[in-house]
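Read through the structure below, which is laid out as structure tokens, and then see the notes.
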Amino acid sequence: MNDQLISRILIATDFSECARRAVEYGLCVARAWSARVDLLHVVEVLRGVELDVPSADPVLELRRKEAERLLGDVAIRVKREGLGVEWYLREGIPSEQIGQATREQRADLVVVGTYGRTGLEHIMLGSTTERVIKQAPCPVLTVRGSRRSGEKDTEAPPCIQHILVPVDFSSPSLDALEYAIQVVDRFGARLSLLHVLEPIYHDLELGLGRIEQEVQKRTHSEAQLHGLAQLVKDRGLAAGSVVLGGIPSESIVTHARGQGCDLIVMGTHGRRGLTRLRYGSVAESVLRQAPCPVLTVRTPKFSPDHRRMMPLTMPESSLA
């Protein structure tokens, strides 16, 4: 359909079960585009911990040697797929080193595992995955290894046949949709577009006029989303659309689980303001709860001759 979207993939691994699953998905994407693979492991060394002669630390040296052995094993696995591969061992803060390696290798996609941590520890320390998403100069595919009720079997081979794209009609969500279309075409997948209408808060005084306005807003959103889906179908791809009500992150996760989606593709710089203060980042919330891998598109990397299908912006509704 279009250009070579992905030529080089950086897969970061800590050799955990979660990371093993991320490697499987990274290879699935690499095979689809015949992309080159860069494997990266970061030996975590906390900031402020300095050693005059790092190699003299026996524990650190053992970690390095074990990491080299494991990276070599993964590289052999990649070569068996007929893909070009290099591996790299770095030391430092994982998110910083992943970001630096992504820029140096000019990766088109970063693949990382995520544990979906929540709670006080997550709030205080943040997540390596979320930091990578915020810093990476390209899209990031995050893959969870743990399986919950209603989620895909983590032992089954990666299969991307149904892709969900949440759309709030912002430019970032339209960029994510444009990116997702290329993935849909490459995998022969089906595309579902989802728009979530947030609930009306009961502390507002709602008259009949306001209720009618909300109905009109839903109708308008359905028409807009249907129009985007029709653009996709006009190119011979399978696409559908649905408008739901509720808190965006919860509705996205519930719909993805109910429809058995294999991948969620979403922008990361959508709505701001009060909604963000109430619910936090929608992308981050989906990332922690999603029943399938999530591809976040902060900075899509299209070639200069890319022929765009989706509009760059959409007119704001007078009903908003």
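The values are calculated or read from the model by the stated rules, or taken from the named source; none is laboratory data. The model shown is predicted, which means the values in this text are computed figures rather than measured ones. With ideal geometry, Cβ positions are generated from the backbone for all residues, glycine too; neighbour counts draw on all protein chains shown. Note: areas computed on protein heavy atoms with side chains; ligands, DNA, RNA excluded. Shrake-Rupley method; radii C 1.70, N 1.55, O 1.52, S 1.80 Å.
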_On a straight-distance basis, which lysines could pair with Lys79 in a cross-link, Cα separation under 29 angstrom, same-chain partners fewer than 8 positions away excluded?_
Lys65, Lys152, Lys301
_Please list Val286, Val242 from largest to smallest accessible area, probe radius 1.4 Å, with all protein chains kept in place._
Val242, Val286
*asked:* At 7 Å along Cα-to-Cβ for each site, give me the label-to-label distance between Leu83 and Asp57 in nm.
replied: 3.1 nm
*Could you check the simple spin-label distance between Glu96 and Thr313, using points 7 Å along Cα→Cβ, in nm with one decimal?*
3.8 nm
*asked:* Expected output is a single nm value to one decimal: the length gained when fully extending between Glu214 and Asp305, i.e. 0.36 nm times separation in residues minus the C-alpha distance. What is it?
replied: 28.7 nm
